[in-house]
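Enquirer: Pasting a structure here, questions to come.
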Amino acid sequence: MNVLRPRVLRLYRPPPPFIGHVRHFATARPSTKSMNSSRFAIATAITLGSGYLIFSSARNPALSEQQQPPLSAFTTSTPTSTLAELDDMGNRIAVRSKSTYDLWLSLGIYKVCASSWIVNLAPHLISAAEKMGLSTPVYWGIKNSFFAYFCGGETADECIPVMEKLTRSGIGSILDLSIEADIDHAGDRQEYAESAEHVTQLTLKSVGAAAQENGMAAIKVTAFSSPMTLLSLNKWFEHAREEFASHMDQDGRINRKTLLDITLKLSMGKSQVDLMPEQVTDVDWIDYMRLVSPQNPKAEPVMLDAGVSNEDLADFKHCIERLERVCDLAKTKHVKIMVDAEQSYFQRTIDHIAMLLQAKYNHRANDDDTSMPVVLNTYQMYTKEAQSKLAIDVELARREGFVFGAKLVRGAYMVSERKRAAELGIPSPICDTLQDTHNSYNGGVVFLLNKIHQHAIDTNQPTSLSSSPIVFMVASHNRDSVKLTIKEMDRNGVLPRTGVVTFGQLYGMQDQISYCLGKNGYSIYKYLPYGQIQEVIPYLLRRAQENSAIFGGGAVTMERKLMWDEAKTRLWGQPTPEVITTPATDGAAAAPNTSSDGVY
Ligand SMILES: Cc1cc2nc3c(=O)[nH]c(=O)nc-3n(C[C@H](O)[C@H](O)[C@H](O)COP(=O)(O)OP(=O)(O)OC[C@H]3O[C@@H](n4cnc5c(N)ncnc54)[C@H](O)[C@@H]3O)c2cc1C
């Protein structure tokens with residue numbers, strides 16, 4: 001184990017100002033561009049799949065699903081052997097775990113997703129079929145193809161068999177209620193409140209189901225509140241951030257007088273409030289954010305003068321109450337809650353809420369408490385400010401004495417964020433190049449692991465779930481990032497099975513990496529979306545659309561090749577001798593998707 005000097009990330013370097021009005025919320029109905037594919041997929045997958053299933057099972061019954069050996073018996077693996085397995089382009093560990101039907105279904109889905117014209121036509125076909133009253137057969141087709149491939153079921157309970165199957169391969173699940181919110185009819189707070197209450201009930205069930213299989217549950221804060229409230233508070237946080245950035249001294253602090261001036265500016269000249277506690281002379285960014293937070297009653301008049309309404313403040317309280325109900329249950333049942341990251345015009349509010357929840361739920365009861373953290377927030381490392389944000393929140397957790405929980409992702413809203421920034425004439429919040437994003441992501445992994453290691457040195461304790469001040473998930477399909485994490489875990493003395501560092505991939509994506517990690521004893525989870533078929537269709541359309549570029553990339557070509565080889569083996573009973581070329585880097589091999597947001 002090497003002793004690394006922790007790489008210090010600069011605390012608070014304010015990113016370029018980023019304010020603006022949101023032109024529209026997420027689209028909720030199937031965008032017309034991608035619907036054609038499902039029909040083709042259904043026809044292809046079902047016709048060929050069932051034929052193949054019958055044919056190959058009859059020929060090679062020994063390879064049917066029930067007779068597969070379980071993969072959960074961990075081998076005596078080492079980081080080196082795991083890395084070698086990840087690099088082994090003939091490694092069929094994931095495809096072998098599939099039933100012949102699933103194998104054929106996967107091949108059909110991959111084929112369809114690689115054809116952008118089919119994907120683009122799919123939404124038109126679905127909406128046409130819906131208008132013609134053909135929803136039932138179309139939904140049936142989708143349910144048995146794309147839905148079966150990318151989702152766990154229609155309810156949390158329906159996901160349990162899928163979770164059990166994953167568990168047998170050493171893979172955990174993160175239940176993800178995938179209802180795309182329809183937020184077109186802005187203004188109706190009552191409707192949002194009812195919908196948020198409904199989502200809360202469903203999420204409580206999700207936590208209950210996750211507990212049965214040692215899983216986690218993902219939440220989207222936007223489903224727990226009215227979007228107007230999240231937007232309004234986001235603007236408040238953004239203004240507050242800008243004011244701090246333009247007034248702080250060279251040590252990144254502001255004094256009482258400056259804070260008084262800031263309150264005057266924030267309230268548009270209407271109120272000057274002394275927010276600073278008596279005994280304090282100046283504050284840094286972290287303490288400042290506490291003072292201007294909606295949790296500080298003294299800040300309320302300033303917020304009201306700044307344009308945050310009483311309804312917003314009331315909604316915000318209700319949103320926190322709903323989320324606390326979820327976290328209370330999660331804590332009791334030892335289920336972790338992943339707070340997903342969303343669009344930048346909501347994200348500051350989401351971050352604020354996630355940190356409030358962490359401060360409440362991530363305190364260890366005693367030195368043996370391995371149930372922490374309950375709440376993990378998501379960091380979109382494709383943003384220019386991601387690394388400083390990560391460093392600030394780690395420091396906040398240290399000061400407050402709670403366990404810092406994070407999920408690192410690259411980010412899924414690149415195209416819409418850039419488009420919006422261009423429309424508003426503001427700098428894009430996203431890294432200028434893909435390489436910058438890779439550097440930011442990998443830098444975040446190294447930063448957190450160095451912090452964990454430093455804590456182990458300072459306390460003279462080995463890193464474990466009951467001692468580490470930081471627990472995080474590497475949520476990525478990027479093989480290079482996964483490999484880097486394995487190496488850095490080793491260098492920083494973080495053992496695979498401790499659960500201090502976990503890995504995450506989406507269900508139906510990069511199974512080869514997931515199964516390889518699971519087999520080698522790493523903590524690996526699959527995001528398992530679920531929901532009623534008609535509610536999940538927009539998600540599936542996005543997945544098919546957004547994946548079409550990725551499905552043409554090297555990593556996926558490799559998976560398809562492995563599946564095809566496995567299919568041939570089951571069919572003819574002999575392995576194929578062909579060798580697959582390793583893609584240079586997964587991120588580079590897959591053409592960046594320039595037409596729509598990411599795969600999430
Ligand atoms: C378990 C899990 C949970 C997730 N949760 C969330 C979430 O809560 N919120 C969220 O936003 N996303 C989430 N995602 C999606 C994630 O953000 C990515 O969109 C997705 O995983 C692809 O990134 P990757 O790390 O797998 O890397 P790769 O497979 O290497 O893909 C890299 C991709 O990054 C994109 N990209 C990013 N920055 C740039 C740039 N500057 N220039 C060009 N291209 C760029 C490109 O489209 C490229 O294809 C999640 C993903 C997983 C696996």
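Enquirer: Quick one: Asp458 ticks every box in (1) buried (at least 18 other Cβ atoms within 10 Å of the Cβ); (2) more than 9 Å from the ligand (Cβ to nearest atom); (3) modelled with pLDDT of 95 or more bar one, so which box is it?
Expert: (1) is the only condition that Asp458 fails.
Enquirer: Name every residue in segment 385-440 that is of a type in the set (Ser, Thr, Tyr) and touching a Phe, Trp or Tyr at 6+ places or on another chain (Cβ under 8 Å), in order of residue number.
Expert: Those that are of a type in the set (Ser, Thr, Tyr) and touching a Phe, Trp or Tyr at 6+ places or on another chain (Cβ under 8 Å): Ser388, Thr437, Ser440.
Enquirer: Okay, moving on. Would you please name the residue that is least open to solvent (accessible area, probe 1.4 Å), looking only at residues in segment 237-262 that are under 30 Å from Arg322 (Cα atoms) and in contact with a Leu (Cβ under 8 Å, 6 or more places away or on another chain)?
Expert: Ala240
Enquirer: Right, next: Being polar (S, T, N, Q), touching a residue at least 24 places away in the same chain (Cβ under 8 Å) and either open to solvent by 50 Å² or more (accessible area, probe 1.4 Å) or under 30 Å from Gln190 (Cβ atoms) (or both): is that true of Ser267 here?
Expert: Criteria met by Ser267.
Enquirer: Give the residue, chosen from Val471, Val536, that is away from the ligand (no atom under 16 Å from the Cβ), open to solvent by less than 10 Å² (accessible area, probe 1.4 Å) and among the aliphatic types (A, V, I, L, M).
Expert: Val536
Enquirer: Would you check if Asp490 is surrounded by fewer than 20 Cβ atoms within 10 Å (Cβ to Cβ) and within 11 Å of the ligand (Cβ to nearest atom)?
Expert: No, not satisfied.
Enquirer: Continuing with the same structure: Would you mind finding the one in Asp340, Asp328 that is open to solvent by 60 Å² or more (accessible area, probe 1.4 Å) and within 23 Å of the chain's Cα centre (by Cα)?
Expert: When all the criteria are applied, what remains is Asp328.
Enquirer: If you don't mind, there's one more thing I want to ask. Condition first: within 11 Å of the ligand (Cβ to nearest atom) and surrounded by fewer than 20 Cβ atoms within 10 Å (Cβ to Cβ). Can you find one or more residues in segment 477-484 that meet it?
Expert: Residues of segment 477-484 that are within 11 Å of the ligand (Cβ to nearest atom), as a first pass: 477-482.
So of that shortlist, the ones also surrounded by fewer than 20 Cβ atoms within 10 Å (Cβ to Cβ) come out as 480.
The answer is yes, given that some residue of segment 477-484 is within 11 Å of the ligand (Cβ to nearest atom) and surrounded by fewer than 20 Cβ atoms within 10 Å (Cβ to Cβ).
Enquirer: Scan segment 425-436 residue by residue and report those that are more than 13 Å from the ligand (Cβ to nearest atom) and open to solvent by less than 60 Å² (accessible area, probe 1.4 Å).
Expert: Ile426 - this is the single residue of segment 425-436 that is more than 13 Å from the ligand (Cβ to nearest atom) and open to solvent by less than 60 Å² (accessible area, probe 1.4 Å).
Enquirer: Of (1) part of a helix (DSSP H, G or I); (2) modelled with pLDDT under 95; (3) of a type outside the set (Lys, Arg), Leu233 satisfies all except one. Which?
Expert: Result: Leu233 fails condition (2) only.
Enquirer: Is it true that Ile109 is open to solvent by less than 20 Å² (accessible area, probe 1.4 Å) and touching a Gly at 6+ places or on another chain (Cβ under 9 Å)?
Expert: Working: open to solvent by less than 20 Å² (accessible area, probe 1.4 Å): yes; touching a Gly at 6+ places or on another chain (Cβ under 9 Å): yes.
The answer is yes for Ile109.
The values are calculated or read from the model by the stated rules, or taken from the named source; none is laboratory data. In this text, all values refer to a predicted model and were calculated from it rather than measured experimentally. Note that we place each Cβ from the backbone using ideal geometry, even for glycine, and neighbour counts take in every protein chain shown. Surface areas here come from the heavy atoms of the whole protein model, side chains and all, with no ligands, DNA or RNA. Shrake-Rupley method; radii C 1.70, N 1.55, O 1.52, S 1.80 Å.
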